[in-house]
1. Among the residues of the range 96-120 satisfying the criterion of being in contact (Cβ under 8 Å) with a residue 12 or more places away in the chain and among the acidic types (Asp, Glu), which is nearest to residue 58 (Cα to Cα)?
2. Given (1) surrounded by fewer than 16 Cβ atoms within 10 Å (Cβ to Cβ); (2) in a loop (DSSP other than H, G, I, E, B), where does residue 40 come up short, assuming only one miss?
3. Between a first residue in the range 206-226 that is of a type in the set (Lys, Arg) and a second residue that is near ligand 2 (Cβ under 10 Å from one of its atoms), which pairs have beta carbons less than 6 Å apart while being 6 or more apart in sequence or on different chains?
4. Regarding residue 36, is this residue farther than 30 Å from residue 251 by Cβ and in contact (Cβ under 8 Å) with a residue 12 or more places away in the chain?
5. Please list, ordered by residue number, the helices (runs of 4 or more DSSP H) wholly in the range 185-290 having 3 or more residues that are hydrophobic (A, V, I, L, M, F, W, C) and within 16 Å of ligand 2 (Cβ to nearest atom).
6. Considering only residues that are more than 16 Å from ligand 1 (Cβ to nearest atom) and assigned to a helix (DSSP H, G or I), look in the range 67-103 and name the one that is surrounded by the fewest Cβ atoms within 10 Å (Cβ to Cβ).
7. Going by what's in this entry, would residue 220 be described as of a type outside the set (A, V, I, L, M, F, W, C), within 15 Å of ligand 1 (Cβ to nearest atom) and within 17 Å of residue 374 (Cβ to Cβ)?
8. Pick from the range 275-319 the residues that are touching a residue at least 60 places away in the same chain (Cβ under 8 Å) and small (Gly, Ala, Ser): which of them is surrounded by the fewest Cβ atoms within 10 Å (Cβ to Cβ)?
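The values are calculated or read from the model by the stated rules, or taken from the named source; none is laboratory data. Quantities reported herein were computed from a predicted structural model and do not represent experimental measurements. All Cβ positions, even for glycine, are placed from backbone atoms using ideal geometry, and neighbour counts span all protein chains on display.
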Amino acid sequence: MSEFRADDTEDMDITRVFEPDDGENGRDRDRERKSHRLNSCFEDLIGRKNISWEQVYNLKEILGSGGQGTVFLAERLGAFGVSFHLALKFYRPNDYRDIEIYRSEMARLAAVEMEVSQIQQDNILDIYNVVEHEGILVLATEWVDGMDLRQLVAPGVLQSLKGKVNLDRWEYINDVVMTNAGFQTRLMPSMVLGILRECLAGLSALHRREVIHADMKPSNVMVKQTGNCKIIDLGSSFFTHTPPRRPTWTWRYAPVEVLQGETHSPLSDMASLGYVMLELLSGKIPFVGVTDKDELIQLKQEMWERVDEILPADVARNSTLVEMISRMIAPDPADRFNSLEDAELADNGAAALQRQLVKVDMDTVVANEMRVFLQELQKAKNGPEAA
Ligand SMILES: Nc1ncnc2c1ncn2[C@@H]1O[C@H](COP(=O)(O)OP(=O)(O)OP(=O)(O)O)[C@@H](O)[C@H]1O
Ligand SMILES: [Mg+2]
């Protein structure tokens with residue numbers, strides 16, 4: 001018999017209920033009637049064109065609060081006592097002159113968020129729903145169990161592992177993952193490269209859909225328990241064809257052209273990401289103490305030629321890395337890579353740099369290192385000292 005003839009046993013593919021043969025399967029009119037009624041309900045439900053039900057969320061704790069709103073870890077209650085964790089972001093209205101402006105900005109944002117929900121790229125926050133509740137925009141998204149990059153490099157995080165892991169592991173972490181750089185910690189180049197490549201992949205996917213993130217900064221990138229990265233906070237994002245009348249962005253990480261009044265472009269996201277990478281590599285928060293716009297512009301105009309001075313000596317020795325960061329933060333967008341994909345794929349881009357690290361045996365399985373490191377942090381919170 002041929003194995004490839006048309007299948008006349010399709011029933012074999014259907015998932016079925018198998019009742020236990022426990023002697024209870026005898027005829028019972030009442031049971032049959034109830035079961036019949038429920039089957040009718042089922043047929044009725046699947047025959048409808050729409051459906052609605054009420055949803056209850058418990059707000060468990062605040063995950064973070066920033067310029068645009070407050071984000072809660074929420075628990076969505078389901079049937080049969082089960083629940084599901086997610087994040088709810090409530091967009092604050094008080095920065096808007098009147099409620100109509102708030103409403104129109106939120107409507108614009110809702111459209112962007114819904115477009116992003118279709119992208120299905122692993123390095124972008126999963127968006128579940130936008131809701132308008134009592135006039136306030138509420139965004140339901142995946143909950144990222146992890147830390148944002150600002151939290152990750154904060155003083156004290158690495159230190160919390162000292163004495164909690166054995167000496168060999170402590171030295172390994174300092175050689176391969178991150179090490180103290182004074183005020184903050186700095187990440188090792190291969191770790192930064194791993195984060196960079198995931199952010200490039202996420203941003204490229206946004207840009208392909210003509211969405212600009214417009215607020216790349218350490219607190220808007222999270223590292224998950226799996227060790228992978230997620231770009232979060234699309235609260236400043238916009239479609240290139242409908243830029244916002246009231247843009248929102250962050251001084252420290254905005255590129256020169258935005259500080260000079262231009263609208264964010266894909267290459268502006270690239271420059272902001274470049275500042276973030278420089279910060280992770282150097283362990284230094286950029287432009288601390290600078291409050292004057294002209295001074296900030298001037299510093300950003302010069303910075304791309306000083307990348308090697310800003311980086312620690314051992315990192316600055318890698319000229320490909322220096323050139324890559326420099327091309328990301330060039331003050332004139334024409335001097336940057338042509339696109340985020342180009343920053344990944346060009347001769348001196350991120351993928352080439354990774355190949356170079358492989359050759360000298362300095363690459364790292366970043367997601368795995370990060371996963372183990374986050375696990376250790378969790379354990380160190382309540383665990384005993386290492387022997
Ligand atoms: N989905 C999420 N899962 C876990 N933590 C989150 C999530 N969303 C946000 N956070 C945490 O909350 C912080 C603030 O969230 P978010 O950046 O969305 O707010 P914001 O008001 O737009 O901030 P800002 O405007 O200052 O960037 C984040 O930096 C992150 O630490
Ligand atoms: Mg944010």
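1. Checking each candidate, the answer is 113.
2. So residue 40 meets the others, but not (2).
3. The qualifying pairs are 217/250.
4. Details: farther than 30 Å from residue 251 by Cβ: yes; in contact (Cβ under 8 Å) with a residue 12 or more places away in the chain: no.
Here the answer is no, as residue 36 does not meet what is asked.
5. It comes to 189-208.
6. Among them, the one singled out is 80.
7. Working: of a type outside the set (A, V, I, L, M, F, W, C): yes; within 15 Å of ligand 1 (Cβ to nearest atom): yes; within 17 Å of residue 374 (Cβ to Cβ): no.
So residue 220 does not fit the description; no.
8. 283
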